[in-house]
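Worksheet for the structure shown next.
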Amino acid sequence: MDEILASIKKVIAEEKEFLAPKGGGKDGDGDDVLELDETMVEEPQDGTGHEPAVPPASLMAEDAAASSKGAFDELEEVTAKNPAAAAGNPLEEMIRDMLRPMLKQYLDEKLPSIIEAQVKAEISRITGRKL
């Protein structure tokens, strides 16, 4: 179970590394990816100091986006330094508890036939005879 979670974390980290060289926030098609601290369009300046009549395209205020981005950056640093799952993580424990019966059922149903097929294949390989 720990290996599966570590593998998922590794894939996510590799995806982030893959996307970084692609243009710092651009996906494979060349379309810009909206970051939390970016707006989609320039806000018009009406000269009065008031908010423009058209709402900004950003989903968050700049200070909230910067704060959130800072928190995510901190989380990314910690997970990069400590990729192993922390003991007592309630989400991971809940997922393990949910997956355990499903995994047990799957292994009870499939593992004997998988092992039998692999043993037969290995015997056939060693002896040169089909079983």
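The values are calculated or read from the model by the stated rules, or taken from the named source; none is laboratory data. Note that the structure is a prediction, hence the values are computed from the model and not measured. So basically every Cβ, Gly included, is an ideal-geometry build from the backbone, and we count neighbours across all protein chains shown. In case anyone asks, the SASA skips ligands and DNA or RNA and just uses the protein heavy atoms, side chains included. Shrake-Rupley method; radii C 1.70, N 1.55, O 1.52, S 1.80 Å.
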* Please work out if Pro101 is out of contact with any Lys or Arg (no Cβ under 9 Å at 6 or more places or on another chain) and either under 15 Å from Ile4 (Cα atoms) or modelled with pLDDT of 90 or more (or both). => yes
* To do: Determine, yes or no, whether Glu76 is surrounded by 10 or more Cβ atoms within 10 Å (Cβ to Cβ), in a helix (DSSP H, G or I) and under 17 Å from the mean Cα position of the chain (by Cα).
  => yes
* Please go through the range 81-98 and pick out each residue that is farther than 13 Å from Leu5 by Cβ and open to solvent by less than 80 Å² (accessible area, probe 1.4 Å). => Gly88
